[in-house]
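Values quoted throughout were computed directly from the atomic coordinates according to the rules given, and no laboratory measurement underlies them. In this text, all values refer to a predicted model and were calculated from it rather than measured experimentally. In this analysis, Cβ positions are derived from the backbone assuming ideal geometry, glycine residues included, and neighbour counts consider all displayed protein chains.
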Amino acid sequence: MPSLPLPDMTLGYDDVGHGAPVVLLHGHPFDRTLWRPQVHRLAEEGFRVVVPDLRGYGTSRIPDTPGSATVTPFERYAEDLTALLDHVGITTFVLGGLSMGGQLAMECYRHLGDRIEALLLAATSARADTAEQRKTRLTTAERLTREGMATLPAELLPRMLSAESIRTLPATAKHVLRMMRATPPEGAAAALRGRADRQDYVALLGHITVPTLVVVGTEDTYTPVAEAELIHERVPDSQLVVLDGVGHLPNLEREVEFDDHLVKFLNTHREH
């Protein structure tokens, strides 16, 4: 597995396929294997796919700092992505993200807008946290610091996947649980603290000038359909896909349909 040494940690990633580059950012509390089905499909369709483990997740572990509350600001993820792109020799690319990864994609658009050719924003929200949401994130971060990832994944699963997906896709449910249980708690806690203080991206939406695909599931309680509709309404060149009966992980819950929409979107962009 390739990796990029950074001054304070090492960033793990996969770089698969050949062709127009697509970079995919996973959500919390997952790792780059969240995108495994899309990596295979896009590589088969003639794209080069780069999927990092975000700072603090998967193999991209952050240094342990006992006695202090580590914070990973969103700007740091954009810096990491810039370093990775330069390392693998990618100048312009399509950027996609799911959930927190979608918010990071918007953050990266602020910093790298001239290099981004198109966007995928899946199961995500442009709004900043409310006071209550911020409190919940910080409380969860403290819980992870104390307890680790032993019990939280089982609590999160019914909100990550729809009830139908849990019932009909047991292998997917196991994969989701496995990713969550393997997440380094200190990295996830640092990310939650940084995410709680992220900026509001609603004003940015009207300034996004690249084609944008917005995807959401009807059963997503973390980022409901209304959040996707807001993004679609504000981003001038956007299209919205709503997947019926799907929860917070549409790329896994409705893999083929999600991939078909994504490939069609990418091919349309590539033809122009």
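Structure above, values below:
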{"quantity": "Two-site label geometry, A128 and H111: point separation in nm, points 7 Å out along Cα→Cβ", "calculated": "1.9"}
{"quantity": "Share of Cα-Cα pairs in the chain lying beyond 29 Å, as whole percent", "calculated": "25"}
{"quantity": "Net charge of Cβ neighbours under 9 Å - reference G17; Lys, Arg +1; Asp, Glu -1", "calculated": "-2"}
{"quantity": "Per-peptide average of other Cβ atoms within 10 Å, ordering 165-173, 217-225 highest first", "calculated": "217-225, 165-173"}
{"quantity": "Net charge of Cβ neighbours under 14 Å - reference E227; Lys, Arg +1; Asp, Glu -1", "calculated": "-4"}
{"quantity": "Net charge of Cβ neighbours under 12 Å - reference P185; Lys, Arg +1; Asp, Glu -1", "calculated": "0"}
